[in-house]
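Below you'll find the structure, written out as structure tokens, and then a few comments.
Please treat every number below as a calculation from the coordinates, not as lab data. These numbers were taken from a predicted model, which means no experiment stands behind them. We place every Cβ from the backbone using ideal geometry, glycine too, and count neighbours over all the protein chains shown.
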Amino acid sequence: MPLPTKDILGILADNLNQRKSVLPMSAAKTTRWAKGLDLPKGGKTIIYTGHMYQLIPVIDAMAGQMAKLEDSPITKMFGLGRNVNKLVNMTFFMGLLASKAEQADYDRMLRNIAGLLKKAGVEFGYLYGEELYSGALVYDEGIDGSFAKHAQRVCDLFKKHGVTKVITVDPHTTHTLRTAYPQFVEGFDVEVKSYLEVLAESGMEPTSQLSDELALHDSCIYARHENMVEQPRELLGKAGVKLNEPDLCGKNTHCCGGPLESLFPTESHRIAGNRAEQLKETGSNVASMCPICLVSLRKAAKGSVQVNDISDTLAKAYGV
């Protein structure tokens, strides 16, 4: 028996409506990455994580449990689970299963990104515990009513702090704010750019020339929806990185399968496995620009090829 998509999406929507995130986390966990960086609070330009990197260990733990339940009679109880979740945040307990090592790993990637922006001379603040989840997942799943209300909530927060420019850290958050918000929030006029775009535009120069050979896995969202293909290649190329491109790259990139995992685990794993094989054929380690792609491809590759976040390579090359 397949997973009950209606009930799963209902739980995510209920959480967003009631708790301001599809998988609510404490402010201590969502802001832990910024400890010791002395980022200013707020400002006209802010780094906006949208909680995506922070949520990945929780999403990964939840997806693992969902995969075990696929084709199980227990799926019939998800409707009851949704009703219970309205009273008690059941997804909180999924968060307890998240690996602490994995959490630290994704926190480091956010620190890389902030360090790169500082190195490029970009002045920016951070909203710390007031920062809200972007609503990316409910937008991707077409839950428009819940998404519209939450998008307005985020926009009101930006207005409260006088934010006029947002620097995003992942493709899903970038696309949600830059392309979706203007369709759902009247008068949305905040400038939205990915940190990779900001770094490329800054003209920053590497402090080291690397001898790395990498296969770059393009995010479907960045490449096809946000026309962002050249910026990461420019940053890596300036640092001496040799790119061994897979056959499917740029706007013709192949999906990582990750966004499907919570609803259709078997199909998600099949797609991820196909992509991992394509990347493996390049004979190179892999750089990803998306935390969802990263976790999906790491699991699919099973150690046959090393998959890291692009921020790790950039941090090494640009002296962070």
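Quick notes
- DSSP loop trypsin sites (Lys or Arg not before Pro) with at most 11 other Cβ within 10 Å excluded, longest remaining stretch of the chain: 36-301
- By the Cβ rule of 4.7 Å, the chain holds the following cysteines without a possible disulfide partner: CYS155, CYS220, CYS249, CYS255.
- Under the criterion of Cα pairs below 8 Å and six or more residues apart, the relative contact order for the chain equals 21 percent.
- Exceedance of the 30 Å cut-off in Cα-Cα distance is limited, within the set LYS100/LYS160; LYS6/LYS165; LYS29/LYS238; LYS20/LYS100; LYS20/LYS251; LYS100/LYS280, to LYS100/LYS160; LYS6/LYS165; LYS29/LYS238; LYS20/LYS251.
- FRET efficiency estimate (nearest 0.05) - Cβ-Cβ, LYS118 to GLU281, R0 41 angstrom: 0.65
- Förster-model FRET efficiency, 30 Å R0, GLN306 and GLU191, C-beta, rounded to 0.05: 0.25
- Extending 7 Å from Cα along the Cβ direction at TYR128 and again at ASP140 yields two label points whose distance is 3.0 nm.
- A straight Cα-to-Cα reach below 15 Å connects LYS242 with the aspartates and glutamates ASP212, GLU213, GLU230, GLU234, residues fewer than 8 places away in its own chain not being considered.
- Sorted fewest first by neighbouring Cβ atoms within 10 angstrom, HIS161, HIS150, HIS217 come out as HIS161, HIS150, HIS217.
- Where labels lie 7 Å past Cα in the beta-carbon direction, separation of SER202 and ARG19 in nm: 3.5 nm
- Rounded to the nearest 500, the 222 nm mean residue ellipticity of the chain from helices alone is -14500 deg cm²/dmol, with -39,500 (n - 2.57) taken per DSSP H run of at least 4 residues.
- Considering only ALA287, SER211, ALA300, the residue lying farthest towards the positive end of the dipole of region 207-317 is ALA300, judged by Cα position with unit charges set on Cβ.
- In a reduced charge model with +1 at each Lys and Arg Cβ and -1 at each Asp and Glu Cβ, region 191-320 shows a dipole moment near 380 debye about its Cα centre.
- Structure-derived semi-axes √(5λ) of the Cα gyration tensor in Å - corresponding label in (i) 31, 21, 20; (ii) 39, 21, 18; (iii) 30, 25, 17: (iii)
- Rounded to the nearest 20 debye, the dipole size of the chain about its Cα centre is 860 debye, using +1 on the Cβ of Lys and Arg and -1 on the Cβ of Asp and Glu.
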